[in-house]
1. I need the helices of the chain that pass two filters: whole DSSP H segments spanning 20 Å or more by Cα along the axis, and mean Kyte-Doolittle score no lower than -1.0.
2. Hey, rough spin-label estimate for Leu8 and Asn89, points 7 angstrom out along Cα→Cβ, what's it come to in nanometres?
3. The list (1) 16.1; (2) 15.7; (3) 16.8 gives values of Kirkwood radius over Cα pairs in Å, and only one came from this structure; which label was calculated from it?
4. Compare the Cα positions of Ile130, Phe34, Ile111 along the charge dipole of the chain (+1 at Cβ of Lys, Arg; -1 at Cβ of Asp, Glu; about the Cα centre) and return the one farthest towards the positive end.
5. Charges only on Cβ, +1 for Lys and Arg, -1 for Asp and Glu: so what's the dipole of the chain about the Cα centre, in debye to the nearest 20?
6. Just the number, please: percent antiparallel of the DSSP beta bridges in the range 5-139, rounded to the nearest 5.
7. Label Ser75 and Ser99 with points 7 Å out from Cα along Cα→Cβ: what is the distance between them in nm?
8. Under a point spin-label approximation (7 Å from Cα along Cα-to-Cβ), what is the Leu21-Ser120 distance to one decimal in nm?
Amino acid sequence: MWVRKFNLLPTYYIEWSKKSLKELNEGFSKIRDFYNAWNKFELVNLENYSKTSFFNNWLVIDYDWELFLSNIILSWRFDKYKKELSVWNIFDGFRVDVSDKDFEENYIGKIHYMTNQEYSKEVLNSVIYIDKILNNFVFKFK
């Protein structure tokens, strides 16, 4: 295999069954076994880990040259929030100071609020388990 850098992102925003969560965990175990058999590769997830479930809070650019501080905004469900959450446009420059900690905390709070508006409690509860499975997998590589 020539591919050596992976970003493992299971589908978050669906309701996962217990059987599917178990299969996801087993799949990660197979990947770890493959890695341990001298098939070394890098995980992007180690670099982009967020303590906040549901998303990586780091710069992403969309097809229209708008920059956001979260990959969750790329979901069609968040189209209506894009204007509010855009921090930069390649043609206009930065609209906010993205290094400001207060701004970052407020931004993360908005993402949580919007996520709770867009998804059912069942989906959000199953996402917590997916996040734990992915985090447990990633931390075994550290």
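A short reminder: the numbers here are calculations on the coordinates, not readings from a lab. Predicted model, so just to flag it, every value in this text is computed and none were measured. Cβ placement follows ideal geometry from the backbone for every residue including glycine, while neighbour counts extend to all protein chains displayed.
1. Numbers: long enough: 18-36 (27 Å, -1.22); 101-118 (26 Å, -1.42); 121-139 (27 Å, 0.63).
Counting only whole DSSP H runs, the qualifying helices are 121-139.
2. Between Leu8 and Asn89, the label points sit 4.0 nm apart.
3. From the options (1) 16.1; (2) 15.7; (3) 16.8, the structure gives (3).
4. Looking along the dipole axis, the top candidate is Phe34.
5. Details: 20 positive and 20 negative charges, 155 e Å.
Computed about the Cα centre, the dipole is about 740 debye.
6. Details: 6 of 8 bridges.
Here the share of antiparallel DSSP bridges comes out near 75 percent.
7. That separation, rounded to one decimal, is 3.2 nm.
8. Result for the modelled spin labels: 1.6 nm.
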